[in-house]
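Following: one structure in structure tokens, then a few remarks.
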Amino acid sequence: MAELTPEIILQAYRAGIFPMAAHRESADIRWYDPPLRGVLPIAGLHVPKKLRHTVKKRPYRVTFDQAFARVMQGCADTRPDTWINDDIIALYTALHRQGYAHSVEAWQDGRLVGGLYGIALGGAFFGESMFSTATDASKIALVYLAARLWRQGFELLDTQFTNEHLRQFGVCEISRGEYQRRLKIALEKKVSFNRDQSPAGAGASLAGGAAGAVAGLPSGVFSDENACDFADVTLFLQSITQTS
């Protein structure tokens with residue numbers, strides 16, 4: 001079997017396939033292309049009223065791309081069994097350095113208490129994993145992520161699978177064929193993950209202009225940005241109408 005590289009992983013994502021290790025201590029990495037795929041509606045994300053109130057209280061400082069490796073480690077360490085082994089951590093950390101992998105971090109009194117990470121390609125964000133050691137920390141990180149994706153004009157938020165945690169946000173399952181159709185459209189979008197680069201699409205009215213990345217290239221590279229602009233989150237919450 002050929003050595004797994006960041007480039008091979010990116011090719012797999014573009015084809016709708018993703019890797020997972022058999023378990024934390026295993027060197028066996030397998031490829032997955034499930035017949036049903038979990039996706040979250042970005043512009044129609046369901047944020048329960050209680051969580052909305054919590055988000056508005058700003059209990060955590062939320063940042064992007066400031067502690068990627070630590071977020072991955074947190075995702076691996078807070079589960080009794082995980083598919084994130086050392087090879088996966090090394091590969092995704094390399095993708096982070098290349099500008100493809102991104103993290104959202106939740107901080108409390110200087111401590112990392114939650115977060116999530118994933119891959120951005122074109123207008124698609126492939127969510128990989130999240131963790132929380134404080135109340136609602138990962139949920140708030142997800143809201144901030146969705147606000148960023150909405151602002152920047154992303155098309156697809158892939159969760160791979162569905163679970164109870166994601167169902168409260170309106171996750172749905174679509175067929176492999178439908179997923180491939182949406183993925184193709186998303187990969188063709190020219191958007192950037194980074195807020196300091198011009199958005200295009202749903203949130204374009206916030207800043208206007210054309211976007212920076214071309215399809216299949218990094219959807220955002222490093223910037224000096226340390227924290228999320230809470231105004232983006234406020235506008236996002238105002239944009240989604242729902243009852244819960």
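Just so you know, all these numbers are worked out from the coordinates, no wet-lab data involved. Quantities reported herein were computed from a predicted structural model and do not represent experimental measurements. Cβ placement follows ideal geometry from the backbone for every residue including glycine, while neighbour counts extend to all protein chains displayed.
The table for this structure:
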quantity	calculated
Cross-chain or 6+ apart pairs with Cβ under 9 Å, segment 163-179 first and touching a residue at least 60 places away in the same chain (Cβ under 8 Å) and surrounded by 14 or more Cβ atoms within 10 Å (Cβ to Cβ), then outside any helix (DSSP H, G or I) and charged (D, E, K, R)	Glu173/Arg37; Ile174/Arg37; Tyr179/Arg37; Tyr179/Asp158
Strands (runs of 3 or more DSSP E) (entirely within segment 11-61) containing at least 2 residues that are over 17 Å from the mean Cα position of the chain (by Cα)	29-32
Selection count, segment 96-150, where residues are within 23 Å of Pro6 (Cα to Cα), in a loop (DSSP other than H, G, I, E, B), in contact with a helix residue (DSSP H, G or I) (Cβ under 8 Å, 6 or more places away or on another chain) and of a type outside the set (S, T, N, Q)	3
Considering residues of segment 23-61 that are touching a residue at least 60 places away in the same chain (Cβ under 8 Å) and among the basic types (Lys, Arg) only, the residue surrounded by the most Cβ atoms within 10 Å (Cβ to Cβ)	Arg37
